[in-house]
């Protein structure tokens, strides 16, 4: 728990990223492994404008998450999430279930950051850095096979993720979108008598 645990992916949690980041017509693949239970829980973040975001990540099956995102007191979106892999690189896929983005996919890399203040119950990661994959906008309409090819190429070139020491904001639809967002665990989730 003292070392940085890196998984490429989710989920989700770039609230700002999920709402206005790059959305892909297809995922790189379906679920390639069971869920990572370290992601399960309640997470909070703020954007540069000071708006609060809250995400609840709960397992919906052995390989899928149910993700609910709220901004302030308003429900912003619900997502189906899973972990996909490209050449051993783990990607968190979040598929929008409603709204004008329904059926579109957001792709993220996540890192579980430690140490930190123990989360509620003392189990799990306390902070997650969620970074949007930095693919060319032309990848947004690719089929899964060609999307995996572009991800492989960006991995080899070292351009798939923005450098951590660089603020990688970019403009999209008039909004500034951060390259990565740090989420802080604010609570757990209990499902079928099991607490996460």
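The order of 56, 181, going from fewest to most other C-beta atoms within 10 Å of their C-beta, is 56, 181. Highest-first packing order for the peptide set 103-109, 148-154, 48-54, 73-79 is 103-109, 148-154, 73-79, 48-54, based on the mean count of other beta carbon atoms within 10 Å.
Sorted fewest first by neighbouring Cβ atoms within 10 angstrom, 32, 98 come out as 98, 32.
Exposure proxy ranking for 140, 111, 132, 100, based on other Cβ atoms within 10 angstrom of each Cβ and starting from the fewest, stands as 100, 140, 111, 132.
A short reminder: the numbers here are calculations on the coordinates, not readings from a lab. Since the structure is predicted, the reported quantities are computational estimates derived from the model, not experimental observations. When we count neighbours, we look across all protein chains shown, and the Cβ atoms used for this are built from the backbone with ideal geometry, even at glycine.
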